[in-house]
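J.: Let me give you the structure first, and then I'll get to my questions.
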Amino acid sequence: MAEPKNKGERIAKRLSRAGLCSRREAERWIEAGRVTIDGTKISTPATLVTDQSVITVDGKRIGEPEQPKLWRYHKPRGVLSTNSDPEDRPTVFDHLPKELPRVMLVGRLDLNSEGLLLLTNDGELARQLELPSTGWVRRYRVRAYGSLDGSRLESLADGITVDGIRYGEIQAQLEKRRGDNSWISVSLQEGKNREIRKVMEHLGLRVNRLIRISYGPFHLGDLHRDTIREVSAHVLKEETGFGTAISKQLSAKLPPMKPRTPPTGSEPPKRNRHKNAHRRR
């Protein structure tokens, strides 16, 4: 006889969906004895809860999970993608509007990188969009100084090992040269720590500007620097299927880059502008 299905969901997942923390943070809260269910302190993140469960953190009852939301933010250079900094440097969260609910980052950009960051109030949505199995393509415009060998850029499509770290497929294409600087279009799926900078340095190039122009189907477009804009609920569901099932697009393979004229600023390719225009309202 088949075992009956468990009703409810794990407490760590519920706390994450409520936008309070990540699953890993929830596990630490539970281990520290900060979480109770129906008045009883729990010790395992696998504990199941239902809509009728009374959940408290540090004695305060948590509300029902809000509808998942997603925002696009144009991160400037010199701003950290972290909640706080021991050196008291400015962070993304210092720049966000006060009326915004508690949000978490989907992926990160390093201090000197700029461009598109996604933020969400839902930990499960953030987790899904960051999973390697999701396979969403991140696209960048990179300005690099040094002598450029086009054939070495093309070879990155086969992956490359730098200082013992294996980086997967990278699509890189020269856009234009200006003196000793070159603008390069880069697309990748993994997004390991400082991946583009390390790979370019391995090729003898020094990155002096790095702009993320898209993350999956979401584009930087005409979003001004240090500005945030919410993605409509319709587009969020259409592009991610979140709330039903993650769409097939999430596991799409990295498509080959097609030659295109050098863009101005950080606009998405022309063929995508009409499709994505409604996302920027």
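J.: Order these by the 10 Å Cβ neighbour count, fewest first: M200, M104.
T.: Details: M200 25, M104 21.
In order of increasing Cβ crowding within 10 Å: M104, M200.
J.: Determine the alpha carbon to alpha carbon distance for each of K13/K60; K13/K192; K41/K98; K69/K98 and list only those over 21 Å. Could you put the intermediate results ahead of the total?
T.: Numbers: K13/K60 18 Å; K13/K192 25 Å; K41/K98 33 Å; K69/K98 17 Å.
Table pairs above 21 Å Cα-Cα are K13/K192; K41/K98.
J.: List H74, H234 from most exposed to least, where exposure is judged by having the fewest other Cβ atoms within 10 Å.
T.: Details: H74 21, H234 10.
With the sparsest Cβ surroundings first, the list reads H234, H74.
J.: Can you list which of the trypsin sites (Lys or Arg not before Pro) found in region 78-174 are DSSP loop residues with at most 12 other C-beta atoms within 10 Å? Write out the running numbers ahead of the final one.
T.: Working: sites: K98, R102, R108, R127, R138, R139, R141, R143, R152, R166; in loops: K98, R102, R108.
Listed in order of number, the matching sites are K98, R102.
J.: Each residue of region 113-125 in order: what ³J(HN,Hα) in whole Hz does its phi give by Karplus 6.51 cos²θ - 1.76 cosθ + 1.60, θ = phi - 60°, with x for Gly and Pro?
T.: Going residue by residue, I get 9, 9, x, 6, 10, 9, 10, 9, 8, 10, x, 5, 5 Hz, with x marking Gly and Pro.
No value in this document is a laboratory result; all are computed from the given coordinates. From a predicted model like this one, the values you see are computed outputs, not experimental measurements. Every residue, glycine among them, receives a Cβ derived from its backbone with ideal geometry; neighbour counts consider all protein chains shown.
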